[in-house]
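The values are calculated or read from the model by the stated rules, or taken from the named source; none is laboratory data. Every value quoted in this text rests on a predicted model; they were computed, and no experiment measured them. All Cβ positions, even for glycine, are placed from backbone atoms using ideal geometry, and neighbour counts span all protein chains on display.
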Amino acid sequence: MNLMKIKDLHIHGKTFLAPLAGITNLPFRLLVKECGCSVVSSEMVSVKGFFYNSEKTMALLSSKNEEQPLSIQLFGSDAELLANCARAVQDMKAAKIIDINFGCSVKKVVKQGAGVALMKQPELAKEILSSIRKAIDLPLTIKIRSGWDSSGQDAFRIAKIAEDAGVDAIILHPRTAGQGFKGKADWNLIKELKQKILIPVIGNGDITCVKDAHNMMSLTGCDAVMVGRAALSNPFIFSQIDTFLETGSYQDPSHGQIFSAMTHLTQSYINFFGEEIACRMLRGRLSWFVKGISGCSSFRKRLSTIESGNQALTLIKEFETLTG
Ligand SMILES: Cc1cc2nc3c(=O)[nH]c(=O)nc-3n(C[C@H](O)[C@H](O)[C@H](O)COP(=O)(O)O)c2cc1C
């Protein structure tokens, strides 16, 4: 069995779902958990939104026992606000891990001094992490990028500060702030980081298949892998990776498993978001699953017009029968 530990949390498996704003909501996390993911992550949650009790922000904090261990990711740049919010999340018993966003390079976030902007403010980073550490007992992680240039020096410096402040694991997505999602993630920086700190390092970036996960672990020695975009079209990637790491082989999901996942996700979106919003979201979400299945373009076309849950479920059933 692949086991790891972050602080006192025992984790079964080596796979983490990456936080994806607008995507890793409760229904998607439940699906991914069912598909064998070891640790699921929330979308990033604004501590300002939490402070103002914003309805949208509070919805991002809803969780279920079945998905635990869940990591809730917070973003902000005010040490006191971050610490208070982290403590409140701990008191709500919503998550088993608190993660702080040091990697988001979206203008709106960087402009407020949060996300990757924190990687060029080591003093503030230290204050933030020490305050949060004092405020919570839960395992604390940070998710960082390589920094503001490709050398990785920003990442190494922030990771050391974090380790000294009592952070329990570092997630590294080795692209620079300016890169966004362009170019390639530099996995060598994950290897270098792993040699510089003692706490667990979780590698992230460009894992598109089981082989990539295995290669990243072999090359870098990272303790676990975090997968984002690849999970959208293949939520089964998590159990595939863990099975491969344990046994050296894995199976692709069956046709039935893929369609059953689509049906479950549809029902769970409708229950969570209500039919109208769910349908709008499902037009995009369901189209990811059918990547590579013959006839998927006409399915996608019909999907783009769905207006009711029944229509969506019928369409899935029809496509399953057609392609089965
Ligand atoms: C649509 C989208 C939303 C994202 N939202 C977040 C976020 O809320 N917090 C965060 O730390 N990273 C976020 N990321 C970055 C991912 O967590 C991850 O680091 C990145 O996608 C690289 O991993 P991948 O190649 O496995 O997708 C986002 C990425 C995408 C594509």
**Request:** Consider residue 139 carefully, then state whether it is within 20 Å of residue 82 (Cβ to Cβ), touching an Asp or Glu at 6+ places or on another chain (Cβ under 6 Å), more than 11 Å from the ligand (Cβ to nearest atom) and not β-branched (Val, Ile, Thr).
**Result:** yes
**Asked** Which one of the conditions (1) in contact with a Pro (Cβ under 6 Å, 6 or more places away or on another chain); (2) surrounded by 18 or more Cβ atoms within 10 Å (Cβ to Cβ); (3) over 19 Å from residue 268 (Cβ atoms) does residue 45 fail to meet, given that it meets all the rest?
**Response** (1)
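State the number of residues belonging to region 155-209 that are among the small types (Gly, Ala, Ser) and within 11 Å of the ligand (Cβ to nearest atom).
4
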**Request:** For region 293-307, state whether one or more residues are surrounded by 15 or more Cβ atoms within 10 Å (Cβ to Cβ) and either within 16 Å of the ligand (Cβ to nearest atom) or under 30 Å from residue 150 (Cα atoms) (or both).
**Result:** no
**Message:** Here is a check on your reading of the model: is residue 167 under 18 Å from residue 227 (Cα atoms) and at pLDDT 95 or above?
**Reply:** no
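Within region 10-25, can you find the residues that are more than 20 Å from residue 281 (Cβ to Cβ), within 14 Å of the ligand (Cβ to nearest atom) and either surrounded by fewer than 21 Cβ atoms within 10 Å (Cβ to Cβ) or not hydroxyl-bearing (Ser, Thr, Tyr) (or both)?
Matches in region 10-25: 16 only.
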**Message:** Given (1) away from the ligand (no atom under 16 Å from the Cβ); (2) under 14 Å from the mean Cα position of the chain (by Cα); (3) of a type in the set (D, E, K, R), identify the lone condition not met by residue 7.
**Reply:** (2)
**Asked** Would a scan of region 26-36 turn up a residue that is of a type in the set (Val, Ile, Thr) and within 12 Å of the ligand (Cβ to nearest atom)?
**Response** no
**Message:** I'd like to know if region 40-54 contains one or more residues that are in a loop (DSSP other than H, G, I, E, B), of a type in the set (Asp, Glu) and either within 16 Å of the ligand (Cβ to nearest atom) or at pLDDT 95 or above (or both).
**Reply:** no
**Asked** Does residue 33 count as free of Cβ contacts under 8 Å to residues at least 12 places away in the same chain, touching a helix residue (DSSP H, G or I) at 6+ places or on another chain (Cβ under 9 Å) and either surrounded by fewer than 23 Cβ atoms within 10 Å (Cβ to Cβ) or in a loop (DSSP other than H, G, I, E, B) (or both)?
**Response** no
**Tally of residues being closer than 25 Å to residue 181 by Cβ and not β-branched (Val, Ile, Thr) across region 111-162** = 27
**Fill in**
When restricted to 260, 254, the only residue away from the ligand (no atom under 16 Å from the Cβ), within 20 Å of residue 315 (Cα to Cα), free of Cβ contacts under 8 Å to residues at least 24 places away in the same chain and surrounded by 15 or more Cβ atoms within 10 Å (Cβ to Cβ) is 260
**Item:** Residue ID - surrounded by the fewest Cβ atoms within 10 Å (Cβ to Cβ), chosen from residues in region 89-110 that are touching a residue at least 24 places away in the same chain (Cβ under 8 Å), away from the ligand (no atom under 15 Å from the Cβ) and over 16 Å from residue 133 (Cβ atoms)
**Value:** 92
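When you scan region 62-83, how many residues do you find that are in a loop (DSSP other than H, G, I, E, B) and either among the acidic types (Asp, Glu) or within 14 Å of the ligand (Cβ to nearest atom) (or both)?
Qualifying residue count, region 62-83: 2.
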**Pick from region 193-214, criterion charged (D, E, K, R) and either touching a helix residue (DSSP H, G or I) at 6+ places or on another chain (Cβ under 7 Å) or surrounded by 16 or more Cβ atoms within 10 Å (Cβ to Cβ) (or both), ranking: nearest to residue 103 (Cα to Cα)** = 206
**Matching residues, region 30-59, being under 11 Å from the mean Cα position of the chain (by Cα) and within 23 Å of residue 106 (Cα to Cα)** = 40, 41, 42, 43, 44
